[in-house]
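One structure is given here, and the rest of the page talks about it.
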Amino acid sequence: MLTNFHTHTFRCGHAQGTPADYVAQAIRDNADCLGFSDHCPFPHDEIDTWSEIRMSPEEMPSYLEDVRRAAKTAPFPVYAGFECEWSSRYASWYTDVLLGEQGAEYLILGAHWLSRGRKNVYAPRLADADSIRDYFSQTLEGIGSGLFRILAHPELIMADGLGWNRELAAGFADIIDAAMAQNMPLEINGYGLIKPPVQTAQGMRLQYPVDEFWRLAAQKGAKVICNSDAHTPDYVMRGAVNARNYAAKFSLDVVETIF
């Protein structure tokens, strides 16, 4: 099967195309299933939730309507979901509004930030050991919530060049174990495969995926899903194919669908 459950649209402010554009390209690519998971909106408040990279709450019904209208043109299942951050303050927003009132069919955990009171710090900018431990603890709490079907780009914290070390290995081992306990697949992210490489103490590498992480995931027998994280229609299925090719290097246990 050729599937992708991580797709963005113009509504996030940093992607291009409508749901209809992505579905049309997925049809041309002979897809078997497509999921939309644009960045979820948050309630209007003064908390720093990066409103410039996500739709507003008022746009949410139109987003879901556009996905469902585009789904009617597809010869394969098309699902409407959201990519979310974890904070316990938003648990009822996810359950009662996104999954409840709005009828979203799935959520994925993006884990882009560490919440610090009413501010959020981008994960790749975390450098001190205490912040990194706090980030892992927050991500573990999100996994344990049971609200999310996929952990997206799990090694995102390494995107700015953070080098692999014993502390990271221990934190990632906990993340992998927690995901396995929830039967949650870890995402190999196709978008990372086309981003500029970064310099690290060990040399140049991809921002993500990170080989050391996926070797550890393979050793533990984690389930993996290969997604595009598409920000343009032309990459909607191609990114998933690229991620599959990456997964093959480590003989990972790839699952094709979350439904």
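Every read-out reported here was derived from the displayed coordinates using simple, explicitly stated rules and does not represent laboratory data. All values derive from a computational prediction rather than experimental measurement. We place every Cβ from the backbone using ideal geometry, glycine too, and count neighbours over all the protein chains shown.
Here are the numbers for this structure:
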| quantity | calculated |
| --- | --- |
| Segment 122-259 - share of DSSP beta bridges that are antiparallel (%, nearest 5) | 30 |
| Stretchable slack from Arg118 to Ser51, in nm (0.36 nm times residue separation minus alpha-carbon distance) | 22.7 nm |
| FRET efficiency for Asp128 and Ile27, using Cβ-Cβ distance with R0 set to 35 Å, rounded to 0.05 | 0.15 |
| Net charge, Asn183 excluded, C-beta distance under 11 Å - Lys, Arg +1, Asp, Glu -1 | +2 |
| Debye, to nearest 20: dipole size of the chain, +1 on Lys, Arg Cβ, -1 on Asp, Glu Cβ | 580 |
| Positive-end residue, the chain charge dipole about Cα centroid, Cβ charges, pick of Ala20, Ser88, Leu64 | Ala20 |
| At q = 0.11 Å⁻¹, base-10 log of I(q)/I(0) for segment 109-202 (Debye sum, equal scatterers on each alpha carbon) | -0.31 |
| Three semi-axes of the equivalent ellipsoid, segment 118-259, Cα gyration tensor, whole Å, largest first | 21, 19, 15 |
| Cβ-based exposure ranking for Glu167, Glu58, in which fewest neighbours within 10 Å come first | Glu58, Glu167 |
| Long pairs among Lys119/Lys195; Lys119/Lys249; Lys195/Lys220; Lys72/Lys220, criterion Cα-Cα beyond 29 Å | Lys119/Lys249; Lys72/Lys220 |
| Environment charge of Gly163, counting only residues whose C-beta is closer than 13 Å and scoring Lys/Arg +1, Asp/Glu -1 | -3 |
| Extreme residue, positive dipole direction of segment 151-259, given options Val241, Ala169, Tyr191 (C-beta unit charges) | Val241 |
| Relative contact order, percent, the chain [alpha-carbon distance under 8 Å, six or more residues apart] | 21 |
| Label-point separation in nm, Ala91 to Lys249, each point 7 Å along Cα→Cβ | 3.8 |
| DSSP bridge pairs, the chain: antiparallel proportion in percent, nearest 5 | 25 |
| Fewest-first ranking of Ile47, Ile143, using other Cβ atoms within 10 Å as the exposure measure | Ile47, Ile143 |
| Neighbourhood charge, 10 Å Cβ-Cβ cut-off, centred on Arg116 and excluding it, Lys, Arg +1 and Asp, Glu -1 | 0 |
| Mean-position separation - Cα centroids, segment 65-101 and segment 111-135, in angstrom | 26 |
| Pairs of alpha carbons in segment 51-148 whose separation is greater than 22 Å (percent) | 38 |
